[in-house]
Amino acid sequence: MTSRDETLSLLDRALAAAVNAGGDAADAVLMTRSNALTRFANNIIHQNVAQDSATLYLRVVMGKRTGCVRTGVLTDAGIRAAAEKAAAIARSAAEDPEFPGILHSPTAEPVGQFDEETASCPPARRAEVAGELIGHIEAAGAVAAGSVSTGAAWVGAANTAGTRQFDRRSTAGINVVAMADTAAGCAQFTGSRLDEADVADRAEFALQKCLASRGPAELEPGEYTVVLEPAVAAVLFQYLGRVAFSAEDLQRGRSCFQGKLGQRVLDERITLVDDPHDPDGSPFGFDGEGTPTRPVTLIENGVFRAAVYDQKTAAKDGVESTGHGGVPPNPGGPYLNTLLVAPGESTIDRMIESTGHGLLVSRFHYTNLAERASAQITGMTRYGLFEIADGAVSRPVKHLRFTQSVVDALSNIDAVGCERERLGSAVVPALKINSFRFTGKSDH
Amino acid sequence: MHELVERAVGAATSAGASHVEARLVSDIEENFQVKNGAPVAALQSATEGLGVRAIVDGAWGFAAVQELSNDGAERAATQAVEIARASAGVIKEPVKLADAPVVEGTYVTPHETDPIEVPVERKIDLLMRADRALQGQPDVKITQGFVRTFRKRTFFGNSAGSEYDQTILKCGGGIMAIAVRDGESQVRSYPGSPRGLFHTAGFEHVEGLGLEDAAPRVAEEAQALLSAPTCPAGRRDVIIGRIQLALQIHESIGHPIELDRVFGSEAAYAGTSFLTPDKLGSFRYGSEAVNIVADATTPGGLGTFGWDDEGVPAQCVPIIEQGRFVGYISDRESAAKLGTKSSGAARADGWGALPIVRMTNINILPGDWELDDLLADTEGGLFLDTTRSWSIDDRRINFQFGTEVAYEIEGGRLGTLYKNPSYTGITPEFWGSCDAVCNENHWMIFGTLNCGKGEPGQTAHVGHGVAPTRFRNVQVGVVR
């Protein structure tokens with residue numbers, strides 16, 4: 001189901017089946033995916049997989065009661081059975097007084113980035129890229145691990161109130177790690193076209209990080225000035241996104257910025273926008289409820305400006321959804337799409353040069369929320385941690401555990417990088433932060 | 001052998017594969033959630049498809065299709081062979097598989113009531129009653145409950161002649177109260193972590209959880225946590241309750257013993273392991289009180305089955321004996337590298353995923369202690385339970401976990417309640433500080449539905465048999 005007509009035709013059949021099954025109204029999403037991934041470790045390809053799938057999500061509505069099904073059986077009989085099951089669930093379900101009903105949305109302009117060659121990339125091409133990454137790293141005496149992925153998604157959404165949407169996107173990813181003993185370096189690429197990846201550059205970046213991090217010295221935990229590469233800074237914003245901006249959290253009193261709309265909550269150099277249309281991010285035209293996506297300025301020069309809404313939370317506050325809903329049922333409420341952090345004026349080199357004593361952090365690993373109210377997170381450093389002394393990287397050090405409030409960290413900004421990197425659906429610059437707290441250490 | 005499985009195995013063999021496995025999997029899952037007295041999710045998911053894994057010229061290929069037809073089976077087989085051929089050009093050594101017996105049979109999870117067949121009304125009514133019982137505390141602003149049920153049927157066949165028909169039933173649920181005041185929120189959940197308590201079992205497991213009965217206490221504790229003092233930091237003796245010990249075992253034993261991880265397969269994603277093969281048989285993982293097995297036969301465990309996804313029979317494998325590290329969990333490929341047999345731990349996340357080494361049920365064997373005696377023997381210590389946050393490094397050495405509650409142990413009983421507790425440690429030092437495990441009266445199987453590994457990401461359901469366990473001189477809270 002990779003064309004607009006095929007997709008909407010199937011959705012129409014699903015909606016008709018929902019009405020025939022007794023629904024007052026219904027909405028449906030069809031997601032067709034083609035994904036393939038070639039994985040390598042110890043300088044060889046060891047896993048190589050491909051999967052095609054299409055999944056129908058159907059919600060049948062009876063007054064304030066709803067029932068949902070998700071099925072991969074897309075024959076007429078399969079769709080009919082899914083609609084009948086959803087109707088049976090709806091009949092048995094209790095009423096949800098906050099359910100806003102099935103709403104009409106205008107047709108969204110397709111903004112997804114799509115490259116046919118990437119969508120249908122053959123395994124030999126992925127193996128070729130993997131071979132280049134492996135060859136570059138192995139030639140330097142290091143060991144390569146990682147993956148090369150390609151794929152595409154074709155998504156349609158429709159409902160009985162007349163909403164009809166279709167968009168598509170292709171995806172390409174490289175994750176490469178170079179290892180020597182317990183030292184390791186990592187580099188990534190995320191985009192919509194595999195041919196946009198500078199394969200040699202990614203391999204070289206990982207290799208140099210690995211080589212530079214050999215023979216790490218011990219360093220005691222404590223508070224340090226840190227230079228966070230974009231991949232590390234992205235983690236701070238992702239966790240902030242989880243606890244700050246959902247309208248549902250604000251409605252329930254759980255946001256870490258509760259009661260602070262319009263107030264300065266972060267350093268004035270921080271501006272954060274969720275823009276699902278920005279070509280630097282991962283653009284897509286509509287959300288899981290079929291609502292057109294739109295940009296939302298979350299933080300402007302450190303001031304908390306807005307939350308993101310799905311249809312249910314929007315109805316509760318008497319506003320329009322911002323296009324941040326998940327495919328029904330979505331009990332978790334609205335969530336962020338694409339996080340874009342405004343660039344600053346510094347560079348990683350200038351951040352290091354201006355640091356008397358501190359740490360250059362290449363990656364975080366296994367980060368988790370430790371305390372919600374202060375957006376405190378904990379995790380480990382990975383893929384190269386370096387001590388900075390007198391304005392220069394002086395030596396690699398063994399990995400440390402950090403336990404740090406994101407809000408405090410983003411209020412202690414010393415500098416923001418002028419170049420941004422795309423990491424998943426986030427686009428983030430490097431940051432220099434004062435008084436970042438490390439609370440433990442590892443053995444490597 | 002199922003007709004389509006046989007056709008896929010035959011097609012891949014004809015196309016040049018030296019070894020083929022095919023799995024036709026039908027998955028049904030139901031998910032019901034209630035939040036603040038209203039249903040927020042009532043969902044049934046159904047998916048079925050066929051996955052084919054083949055070795056050609058010493059390299060693996062895997063492909064999966066949703067279309068269950070002769071054409072679909074042949075397409076998956078052909079694509080798996082094509083992918084394997086593309087990989088063969090860059091391999092250094094051909095894949096070798098440890099020997100495995102040829103198996104044949106049928107397995108169904110022991111149960112009274114198939115959880116998928118239980119009427120929707122019964123599931124929602126159970127949740128609505130529990131949700132009502134969570135109400136009433138002034139600052140409990142969010143109440144939640146959920147029930148999930150699973151039925152997975154797998155037809156397996158391989159080119160050596162193994163075949164089976166396996167149906168795994170799983171179900172469980174949980175409730176949660178979130179108290180919110182002045183921007184602070186505190187969570188209390190029951191009966192497992194916030195993700196519930198799940199077993200391989202019939203729906204009788206869910207109805208035995210006692211969600212409604214436990215709800216008032218859960219809400220009271222969430223309310224009390226708002227006013228509780230913050231857990232003081234320092235070195236303390238601690239008793240880790242069962243729910244939290246399940247996570248402790250999962251992260252600091254279950255993952256490092258995965259043999260594919262030891263050999264570097266996960267190096268670019270989840271990480272590696274400090275448990276290098278030279279440590280097998282000699283490394284002191286913990287004290288003599290620590291005995292751990294990987295047991296895919298534990299009744300009710302989320303990692304309990306008849307055969308794994310390579311057709312290897314379920315088995316119980318010793319991992320740690322009296323503190324000494326004696327075994328890994330493995331699949332046929334990683335076992336061959338070590339020169340042993342597979343431990344039967346190859347598991348795939350559905351038809352579209354290839355099998356990788358996953359935990360089965362990683363259990364601590366019961367010790368000798370009654371819980372009351374252990375509490376009486378730990379005056380001035382802390383009792384910590386219910387997972388709140390977790391983090392561990394890429395070699396599984398340095399961990400930091402947060403729990404929902406901590407209690408001061410005072411006069412042999414649970415005394416002062418503390419909020420925001422956490423503890424941290426180094427894996428072998430921590431297990432080396434273990435000096436008491438409660439007995440079989442306090443032993444129970446817990447587990448998680450959310451064990452992530454692999455690229456593309458796979459989620460496994462794994463079990464952990466646990467009893468309250470004491471550790472000496474543990475760092476509680478973060479070092480300032």
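Give the shape of the protein assembly as shown as rounded, prolate or oblate, defined through the alpha-carbon gyration tensor: a ≥ b ≥ c are the square roots of its eigenvalues, a/c under 1.5 means rounded, and otherwise the shape is prolate if a/b is larger than b/c and oblate if not. Rounded, because the longest to shortest axis ratio a/c is under 1.5.
Using a simple spin-label model with pseudo-atoms 7 Å out from Cα toward Cβ, residue B:326 and residue A:98 lie 5.3 nm apart. By the rule of a C-alpha distance below 21 Å, with chain neighbours fewer than 8 residues away ignored, the lysines paired with residue A:85 are A:64, B:123, B:152, B:170.
The heavy atoms of residue B:312 offer some 10 square angstrom of accessible surface to a 1.4 angstrom probe. Dipole orientation for the protein assembly as shown: of the candidates B:290, B:359, B:113, B:290 has the Cα lying most toward the positive pole (charges on Cβ; Lys, Arg +1; Asp, Glu -1). Helix B:120-134 and the longest principal axis of the C-alpha atoms of chain B enclose an angle of approximately 30°.
Taking the Kirkwood radius as Rh and the Cα radius of gyration as Rg, segment A:4-201 has a ratio of Rg/Rh equal to 1.15. To the nearest 0.05, how large is the calculated FRET efficiency for residue B:57 and residue A:208 if R₀ is 41 Å and r is the Cβ-Cβ distance? E between residue B:57 and residue A:208, to the nearest 0.05, is 0.75. Compared with the dominant Cα axis of chain B, that is its longest principal axis, helix B:3-14 is turned about 60°. Assuming a ≥ b ≥ c are the square roots of the Cα gyration tensor eigenvalues, decide whether segment A:218-333 counts as rounded (a/c under 1.5), prolate (otherwise, with a/b larger than b/c) or oblate. Prolate is the answer for segment A:218-333, as a/c is 1.5 or above and a/b outweighs b/c. Per-residue packing, averaged as other Cβ atoms within 10 Å, sorts the ranges B:51-60, A:7-16 into the order B:51-60, A:7-16, beginning with the highest. Per residue, the convex hull spanned by the Cα atoms of segment A:215-444 amounts to 112 cubic angstrom. Across all directions, the shadow cast by the convex hull of segment B:33-183 built on its C-alpha atoms averages 15.1 square nanometres.
Taking the convex hull of the alpha carbon positions in segment B:171-291 and averaging its projected area over all directions gives 11.8 nm². By a 1.4 Å probe calculation restricted to protein chains, residue B:253 has an accessible surface near 0 Å², given to the nearest 10.
Please give the residues from segment B:108-130 for which the solvent-accessible area of heavy atoms, probe 1.4 Å, is smaller by at least 50 Å² with all protein chains in place than with the chain isolated. Residues of segment B:108-130 that lose at least 50 Å² of accessible area once the other chains are added: B:120. Between residue B:121 and residue B:276, the modelled label-to-label distance comes to 6.4 nm, taking each label 7 Å out from Cα in the direction of the beta carbon. Residues whose amide H falls under 5 Å from that of residue A:43, counting only those 5 or more places apart or on a different chain, are A:144, with hydrogens built in the peptide plane. The calculated pair-distance distribution of segment A:136-280 uses every alpha carbon pair, bins of 10 angstrom beginning at 0, and gives 8, 23, 27, 26, 13, 3, 0 percent. Taking the average, over residues, of other Cβ atoms within 10 Å as the packing measure, peptides A:418-426, B:298-306 rank B:298-306, A:418-426 from highest down.
Of the listed residues B:102, B:180, the order by accessible area with a 1.4 Å probe, largest first, is B:102, B:180. Using the alpha carbons alone, the radius of gyration of segment A:397-444 stands to its Kirkwood radius in an Rg to Rh ratio of 1.04.
Chains A and B together bury roughly 6100 Å² of accessible surface, counting both sides and using a 1.4 Å probe on protein heavy atoms. Using the 1.4 Å probe convention, the accessible area of the protein assembly as shown works out to 34 Å² per residue with neighbouring protein chains retained. Each DSSP beta bridge with both residues in segment B:367-480 is either parallel or antiparallel, and the antiparallel ones are about 95%. Per residue, the convex hull around the alpha carbon atoms of chain B comes to 144 Å³.
Ranked by solvent-accessible area (1.4 Å probe, protein heavy atoms only, all chains present), the residues A:335, B:107 order from largest to smallest as A:335, B:107. For residue A:24 and residue A:263, a Förster radius of 51 Å and the Cβ-Cβ distance give a FRET efficiency of 0.75, rounded to the nearest 0.05. Taking a Cβ cut-off of under 13 Å around residue A:15, the surrounding Lys, Arg, Asp and Glu residues balance to a net charge of +1, with basic ones at +1 and acidic ones at -1. Taking Lys and Arg as +1 and Asp and Glu as -1, the other residues whose beta-carbon sits under 12 Å from that of residue A:407 total 0.
Per the 1.4 Å probe, what fraction of the accessible area of segment A:215-444, in percent, lies on carbon and sulfur atoms?
Here it works out to 44 percent.
When the charge dipole of segment A:4-201 is built from unit charges on Cβ atoms (+1 for Lys and Arg, -1 for Asp and Glu) and taken about the Cα centre, the candidate among A:78, A:166, A:41 whose Cα reaches farthest toward its positive end is A:78. On the principal axes of its alpha carbon atoms, segment A:294-351 extends 47, 21, 17 Å, with the longest extent given first.
Treating r as the C-beta distance of residue B:316 and residue B:429 and R0 as 30 Å, the FRET efficiency rounds to 0.60. Assuming charge only on the beta carbon of Lys and Arg (+1) and of Asp and Glu (-1), the dipole of chain A about its Cα centre is about 1180 debye to the nearest 20.
Using a cut-off of 9 Å between beta-carbons, work out the net charge of the residues near residue A:194 (Lys and Arg +1, Asp and Glu -1, residue A:194 not included). Taking every other residue near residue A:194 into account, the sum is -1.
Loop-only check: which GluC sites (Glu not before Pro) in segment A:248-334 are DSSP coil with at most 16 other Cβ within 10 angstrom?
Details: sites: A:248, A:268, A:289, A:300, A:320; in loops: A:268, A:289, A:320.
Here the GluC sites (Glu not before Pro) that fit, given the DSSP loop and packing criteria, are A:268, A:320.
Kindly point out which whole DSSP H helices in chain A project their C-alpha atoms 18 angstrom or further along the helix axis while averaging a Kyte-Doolittle hydropathy of 1.0 or above. Long hydrophobic helices here: A:230-244.
Using a loss threshold of 50 Å², tell me which positions in segment A:104-136 are less accessible in the complex than in their chain alone. Probe radius 1.4 Å, ligands and nucleic acids ignored. Output list: A:123. Seen against the Cα atoms of chain B and their longest principal axis, helix B:211-227 is set at about 60 degrees. Using Cα-only point scatterers and the Debye equation, what is log10 of I(q)/I(0) for segment B:234-476 at each q in 0.07 Å⁻¹, rounded to two decimals? Those come out to -0.22, one per q.
The values are calculated or read from the model by the stated rules, or taken from the named source; none is laboratory data. What you see is a predicted model, and the numbers here were worked out from it, not measured in a lab. Positions of Cβ are generated from backbone atoms using ideal geometry, with glycine treated the same way; all protein chains shown enter the neighbour counts. Areas reflect the complete protein model, heavy atoms only, side chains present, ligands, DNA and RNA absent. Shrake-Rupley method; radii C 1.70, N 1.55, O 1.52, S 1.80 Å.
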